[in-house]
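Peer 1: Below is the structure I would like to discuss, written out as structure tokens.
The values are calculated or read from the model by the stated rules, or taken from the named source; none is laboratory data. Small disclaimer: the values here were computed from a predicted structure and weren't measured. Reconstructed Cβ throughout: ideal geometry from the backbone, glycine too, with neighbour counts over all protein chains shown. The protein model used for the area step is the full one, side chains on, heavy atoms only, and it has no ligands, DNA or RNA in it. Shrake-Rupley method; radii C 1.70, N 1.55, O 1.52, S 1.80 Å.
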Amino acid sequence: MIIRDLVNAFKIDHTKDKEAITAHVYLKYQKGKGRFMFIKINSTGVRLAYVAVPSQFREPISKALYNLNISVSTLLAELAARTIVSNQFEVLVESHREQTFRRNQVVDRYLADYTCLGVETGIFRWLLLSGKITGAEFETLAAQQGVQVYAAERFVVGNSCPERAVRVSVCAPETLEELERGLIILIRLLNEFT
């Protein structure tokens, strides 16, 4: 079975008809070509998918999927349409990119002495842990201090052995100051437990 996540694949073609909104498979924003990842930037929790299965499983899976009640919120659809028609989406995209870049610079500055994988445009980073502490143990310690990180164990597929790491969300904190407070707590925990 192949499941394709389309969270990064929402395309809005506003070049021909600003009232027309269509969803297609498209993987990245291309400035000036009328393609935009509205879901990725404004509603990262929204997920769409398609499934390709062998023919003998098509009917039972179709029945199961038919019985799922999944729909796009009419309010979200209306907000998306209004944002697109108002020509504000390019401003939102650029603002999001700049904010993400600034936040990653803060992460780089605070975690310069640690191995923190990821790119300057990413919305999360992987903080590798030294010593014997696991990602799950570090996640618990951080939560006790009011900081939410996710252990690498949460993302393991199958029975492979996860890295000793935690995923740090760069864009989840409301403000840069909140991000900095969280990073200071993580550094204190890293110094104490690794």
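Peer 1: Can you tell me which of (1) more than 21 Å from the chain's Cα centre (by Cα); (2) at pLDDT 90 or above is the one Arg167 doesn't meet?
Peer 2: Status for Arg167: all satisfied but (1).
Peer 1: Right, next: Within segment 127-142, identify whether any single residue is under 19 Å from the mean Cα position of the chain (by Cα) and in contact (Cβ under 8 Å) with a residue 40 or more places away in the chain, and answer yes or no.
Peer 2: Yes, segment 127-142 has at least one match.
Peer 1: Still on this structure: Give the residues of segment 107-146 that are more than 14 Å from Ile185 (Cα to Cα), in contact with a Leu (Cβ under 8 Å, 6 or more places away or on another chain) and assigned to a helix (DSSP H, G or I), sorted by residue number.
Peer 2: Gly135
Peer 1: Just name the residue that is most open to solvent (accessible area, probe 1.4 Å) out of those in segment 147-159 that are touching a Ser or Thr at 6+ places or on another chain (Cβ under 9 Å) and assigned to a helix (DSSP H, G or I).
Peer 2: Restricting to residues being touching a Ser or Thr at 6+ places or on another chain (Cβ under 9 Å) and assigned to a helix (DSSP H, G or I), the top hit is Glu153.
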